Amino acid sequence: MTCLMSGTQLIRAEQPLNIDWSNIPAQKNPYLDVPVLGSSQGLISQQQEKEIGEKVLREVRLQLATIQDPWLETEIQQIFSGIYAQTGLGQPIAVVLIKDLQINAFAVPGGLFAINAGTIVSAKNIDQLAGVMAHEIAHVSQRHYSRSMESIKGQGILALVGLLAGLAVATQSADAGAAVMMGSQAAMIGKRLSYSRDQEREADRIGMQYMVLAGYDPNSMADFFEVMQRSSTQLSYLPEFWLTHPLTTSRMSEARLRARQFNFNSKPDYARQQRFELIKWRTLISSSNPNLTQLNIAAQNNSAAALALASYHIQQAQYQQAKKILDKIQPSEVQKNLYHLIWSDWYKSQNQFDQALVEIFSDYQIAPENKALAMQVAEIYILKNQPEQANQILNPLSTRFPRDVMVWQLLQRAANLQTGIIREINVLRYRAEVQFWNGQEVNAIKSLLQAQRLAKDQPALKARIDQRVAQMQDAHDLDS
Ligand SMILES: [Zn+2]
């Protein structure tokens, strides 16, 4: 029996500055109030959990439209990691952003998390978004899915993957009519997979502890429940989040009461709110056809909206309009990174690659671990026909983010600039990874087998390919 939050972890956890700890009686210290994990741990091994999570990730990528935006991913990942770090769990598999304006989020064993664009754009601040993440993280840390494991006992892991992916896909739908139809299907699957009321309460309670430890206002969890409730009364169908996370009045008032016990002293944080504005507008243009009239109006006095609008014009190849907007923006400290990235995109679009590099290089040198900056620098090296420099950045990135399709795509482009037989082999190897993590497992294995044949005279490389073929084949027929 291990307790999730042992004393040592509590000391190490970063305590948010604006909590008055003296007001929390020791015996009522909510940070110690985490249940002990018990027998459910034995149900499946951690390795199996990881395989399930990765398989569902590939299904989700195959069946749902996801947002591919390194800047946005990096921002969301940073918020997520701060909360996730409070659990003491190992590395998560991924946090996926789904191009869907309904409010929804879900978590899968092994640490796969998905957040709908709708959740981000419906939130009023980062703390509300953190509350949703914290709730999902708590479902995983408390292993709430063990119930569903019991219900499919004897059917093997693939059956569970099928159910999880089915639920994930069924609860996503772009238009309301289909959502109602899909709703009943999801509800059927959901019956076997949805969490119990007690588990929902526990996810609220423990999630709230995680978010406070990470420095977020617990009141915003209750606030977001209200946002969800309002959105459900406007629509003729329930937000899909409710199907899998039923929200009751008592759950809402409990969250409100519990949040009060933390005596969290929330001060207005201008920089944090500015950051949220950037995330929100960026999500809006990455996930839908924005209402241009509204965006134009907002862009007049909101530089986060203006940056989103400039990006949108670049995407639409309206370069002069983009430049006109960018020329007028005076970025704040929080906005500088994204501002430089968008200028860099603009220079890229004009084939001015040196200028594109200059625009972000000092940001990259200050924060080389930032995925968005690193990927941008690597892509410019590719455009400048310097695959060696690109690979120096991309190889470590592919180790840190082995399931990131965009990183493998860049590696494939860089490999394409090489010469000789190694070019063909590497292009195939990286194409295989792109296909694999997009859910096209059979095609991925085919690409890799082709690479294997070409590498027959290169024992070291061939050995690596052999190993990867075996891994992909195992992952493909998970339970045979
Ligand atoms: Zn839930």
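Please verify whether the range 394-403 includes one or more residues that are crowded, with 22+ Cβ neighbours inside 10 Å and within 23 Å of residue 48 (Cβ to Cβ). No: zero hits.
The single condition among (1) surrounded by fewer than 15 Cβ atoms within 10 Å (Cβ to Cβ); (2) at pLDDT below 85; (3) not charged (D, E, K, R) that residue 13 does not satisfy is (1).
When the criteria are applied in full, residue 208 fails the requirement of being within 15 Å of the ligand (Cβ to nearest atom), more than 18 Å from residue 140 (Cβ to Cβ), modelled with pLDDT of 70 or more and not aromatic (Phe, Trp, Tyr).
Scanning the range 311-341 for residues that are closer than 17 Å to residue 284 by Cα and surrounded by fewer than 17 Cβ atoms within 10 Å (Cβ to Cβ) yields 315, 316.
Counting only helices (runs of 4 or more DSSP H) wholly contained in the range 211-294, the ones carrying 3 or more residues that are modelled with pLDDT of 80 or more and within 30 Å of residue 314 (Cα to Cα) occupy 270-287.
Taken over the range 431-457, the criterion of being outside any helix (DSSP H, G or I) and either crowded, with 20+ Cβ neighbours inside 10 Å or in contact (Cβ under 8 Å) with a residue 12 or more places away in the chain (or both) is satisfied by 438, 439, 440, 455. Looking at the range 333-416, the helices (runs of 4 or more DSSP H) lying wholly inside it that each contain 2 or more residues that are touching a Ser or Thr at 6+ places or on another chain (Cβ under 9 Å) sit at 336-349, 353-366, 371-383, 405-416.
The values are calculated or read from the model by the stated rules, or taken from the named source; none is laboratory data. Since this is a predicted model, take the numbers as computed values, not measurements. For neighbour counting, all protein chains shown are included, and Cβ atoms are generated from backbone atoms with ideal geometry for every residue, glycine included.
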